[in-house]
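Peer 1: I'd like to ask you about the structure that follows.
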Amino acid sequence: MSGIEGVGDAVTGGMFARAIEPEAGEAAHDAGGKCLNCGAALVGPYCRMCGQKGHVHRTISAIGHDLIHGILHLDGKFWRALPLLAWRPGDLTRRYVHGERAKFVSPLGMFLFSIFLMFAVLQIFGLSLSNLDMRSSEVVQRNMNVARQEVVRELREAHDRRAAFARGERVVLKNGQPATLDALDREIAGAQEGVDAVQELSTGTGRFIDADFDTGWPRLDHGIEKFNQNPGLALYKLQANGYKFSWLLIPISVPFVWLLFFWTRRFRFYDHTVFVTYSLAFMSLFAILLTLSGMTGLPSGIIAIAAMIVPPFHIYRQLKGAYSLGRFGTLVRTFLLVNFCFVTASFFFLMLLGIGALG
């Protein structure tokens, strides 16, 4: 596990080590014509007005370069980008892709800052997944008591129907079908299994993931087993690895965005990567806002509504502006992308679970 954690630490540290942008522009070659950022005539490799390099990249390899060097510069560029990221994310994405680089903090810079700040806020307020007592919290116990009462009642009613049938009375099953002796016995057996399952969970001997659940990936199956044995430790590792490997969300997400436009050559993988990275940055900053709102006493109902409405709305606006789409096309892609987000999150969770299995 130490080797895998070391990779995560190395990548994270490498990205944050390059914390200042020494130059205003990007790329590395001379170019003629006008500056893509401010429109001034170019003389030499740099713009004499804004400092941006004449040649700007638009290749997927440049994303790897940014990942290695990791840029985070909280000057005017950040404060110019932040309002656009919040309300006009599509405009920000399109302008950055098409050459306005010196005005705004880069997508990776924004992403790294937001991820770092989000986990810092969680630590400051002591919000850790490992603090969740998954078996003895008040809410869990209350729900467990309700479940116990329900399954015991079902078992008692099944026995009553069985006794009535033995007395020769006309009996119907729970599903409304005429009763038979075998059907009644199966009904009792099923109800008893429910009682046993609730009893196991309430006494702390139950499993959160079925022991028969087999993914076909031995390392992941081992991680599931460890999660069942010690949920608190597993949740702590998930949170720690989630921070270290959060950058993996970018390459995991980009193919799903590409699927929304695979038939057109207007957009490149670089464009989708900028879109995804800015979107993830916003979602992290929004999570920080919700956390702080909850800590200041904002009702949980309002926070829940905001958490359900704002992300899809932001995705809609970013898609519409970044790719110059119509309303219908944007709505369809928003629906698909929201569902893709759940797939991405699930895949990322399984990856973290597999990585945690090495510990």
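Peer 1: Could you say whether any residue in region 294-301 is surrounded by 14 or more Cβ atoms within 10 Å (Cβ to Cβ), within 18 Å of the chain's Cα centre (by Cα) and in the same structural domain as Phe125 (by TED's automatic domain parsing)?
Peer 2: no
Peer 1: Going through Met283, Met308 one at a time, which residue ends up being in a helix (DSSP H, G or I), aliphatic (A, V, I, L, M) and in contact (Cβ under 8 Å) with a residue 12 or more places away in the chain?
Peer 2: Matching residue, one of Met283, Met308: Met283.
Peer 1: Does Glu193 satisfy being loosely packed, with under 14 Cβ neighbours inside 10 Å and either at pLDDT below 70 or part of a helix (DSSP H, G or I) (or both)?
Peer 2: Yes; evaluated as a whole, the condition is true for this residue.
Peer 1: Only one of these is closer than 16 Å to Leu82 by Cα, part of a helix (DSSP H, G or I) and modelled with pLDDT of 90 or more: Tyr316, Tyr278, Tyr270. Name it. Give the steps one after another, and end with the answer.
Peer 2: Working: Tyr316 fails: closer than 16 Å to Leu82 by Cα; Tyr270 fails: closer than 16 Å to Leu82 by Cα.
Exactly one residue qualifies, and that residue is Tyr278.
Peer 1: On to the next question. Which members of region 165-196 meet the condition of being of a type outside the set (A, V, I, L, M, F, W, C) and over 20 Å from Arg153 (Cβ atoms)?
Peer 2: Applying the first criterion (of a type outside the set (A, V, I, L, M, F, W, C)) to region 165-196 yields 167-170, 174-178, 180, 182, 185-187, 190, 192-194, 196.
Scanning region 165-196 gives Arg167, Gly168, Glu169, Arg170, Gln177, Pro178, Thr180, Asp182.
Peer 1: For region 245-260, what are the residues that are modelled with pLDDT of 95 or more and farther than 15 Å from Asn339 by Cα?
Peer 2: Within region 245-260, none qualify.
Peer 1: Right, something else. Check Ala147, Ala164 and return the single one that is at pLDDT below 75 and farther than 30 Å from Cys50 by Cβ.
Peer 2: Of Ala147, Ala164, the one residue that is at pLDDT below 75 and farther than 30 Å from Cys50 by Cβ is Ala147.
Peer 1: Just a yes or no: is a residue in region 322-343 within 23 Å of Leu117 (Cβ to Cβ), at pLDDT below 95 and surrounded by 13 or more Cβ atoms within 10 Å (Cβ to Cβ)?
Peer 2: yes
Peer 1: Quick check: anything in region 60-78 part of a helix (DSSP H, G or I) and either among the aromatic types (Phe, Trp, Tyr) or modelled with pLDDT of 85 or more (or both)?
Peer 2: Here is the first cut: in region 60-78, the ones part of a helix (DSSP H, G or I) are 60-69, 76-78.
If we keep only those that are either among the aromatic types (Phe, Trp, Tyr) or modelled with pLDDT of 85 or more (or both) too, we end up with 78.
Yes: one or more hits.
Peer 1: Okay, next question. Restricting to region 92-118, give me the number of residues that are closer than 16 Å to Leu36 by Cβ and part of a helix (DSSP H, G or I).
Peer 2: 6
The values are calculated or read from the model by the stated rules, or taken from the named source; none is laboratory data. Keep in mind the model is a prediction, meaning the values are calculated, not measured. FYI the Cβ positions are ideal-geometry reconstructions off the backbone, even for glycines, and counts take in every protein chain you see.
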